[in-house]
Amino acid sequence: MKTNMALKFSPILTAIALAIASHAACAAPVFWTDWTTSSTIGVNFTGNGTITTGTSTVQVTYNNPQGIGFYQPSGGIDYWTNGLFSTTRNPATSPYTSTLVDNIPTGTDIIALSSAGNQTLQFSQAVANPVFSYVSLNGNGYAFNQDFDILSFGNGSPNDDCGYWGCGTSSKSIVDLGGGNFEYQLLGTGEPHGTIRFKGAFDTVSWRSLSSENWNGFTVGVQGTAAEVFPSVPEPATLALMGLGLAGLGFSRKK
């Protein structure tokens, strides 16, 4: 019963492979978006939120020209719980936590999508390793142009409780579109609820929902700001040169 979604992440920092590798295995709490004000849920919907990290406050703006199913910035049903129609929150067996995500999405905050079309998340400054938690993917799938890791999903096993709408599985399929372009698909069976993570630094997240349906929900969190997590990353003006250096290193290793 949920919408297909294609998400496109637009990284502003493209040469941080060494910094990412040094942080990849570190479990840490995620700083989730506190969704607050919004416009009408109709056309040109805009929702605003705040991510408060250890040292910074990041403003988050979500825009959907088609409108959304509903917006829940405060109160309402908690869809981030463990188990079918449950009110229990147990981080140890949550479908949204893992060795890389310690904490369940905050409160009841959720944005529910219902219409096909483009949409955008924008951060007021670059953020590191954003995580995307989803409710009731329901077999539709999201297609990303950025690779990701599936961190967790609710399959009903002892370590992974079902989500609010039931159990499911999530998987990734990489599709070669030709011309050096690839699509990274998040697929599922049953009622997938889970969390994926994108590695790197981003200030914009853009995607399109591929079809219209009842609703599927999401929220987004971060490991921190790019400056906090990747303090040794150079300014954007130097990234092109660094990228060439990494490419040369790869060439020399092949030789």
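Data overview
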read-out	value
Summed residue charge, Cβ within 12 Å of L100's Cβ, Lys/Arg positive, Asp/Glu negative	0
Calculated from backbone phi, Karplus (6.51, -1.76, 1.60) coupling profile of the range 68-84 in Hz, x at Gly/Pro	10, x, 7, 10, 10, x, 7, x, x, 6, 8, 8, 9, 8, 8, x, 4
Whether the range 71-223 is rounded, prolate or oblate, judged on the alpha carbon gyration tensor where a/c under 1.5 counts as rounded	rounded
The range 144-196: projected area of the alpha-carbon convex hull, averaged over directions, in nm²	3.7
Relative exposure of L100, L121, judged by other C-beta atoms within 10 Å (fewest first)	L100, L121
Residues in the range 184-213 that a label on A116 would reach, taking backbone N under 13 Å of a point 7 Å out along Cα→Cβ	208-213
Label-point separation, K172 to L84 (7 Å along Cα→Cβ), nm	3.0
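Computed from the coordinates by the stated procedures, all read-outs in this text should not be read as laboratory data. Values in this document were obtained by computation on a predicted structure and should not be read as measured data. Ideal geometry is used to build each Cβ from the backbone, glycine not excepted, and the neighbour counts take in all protein chains shown.
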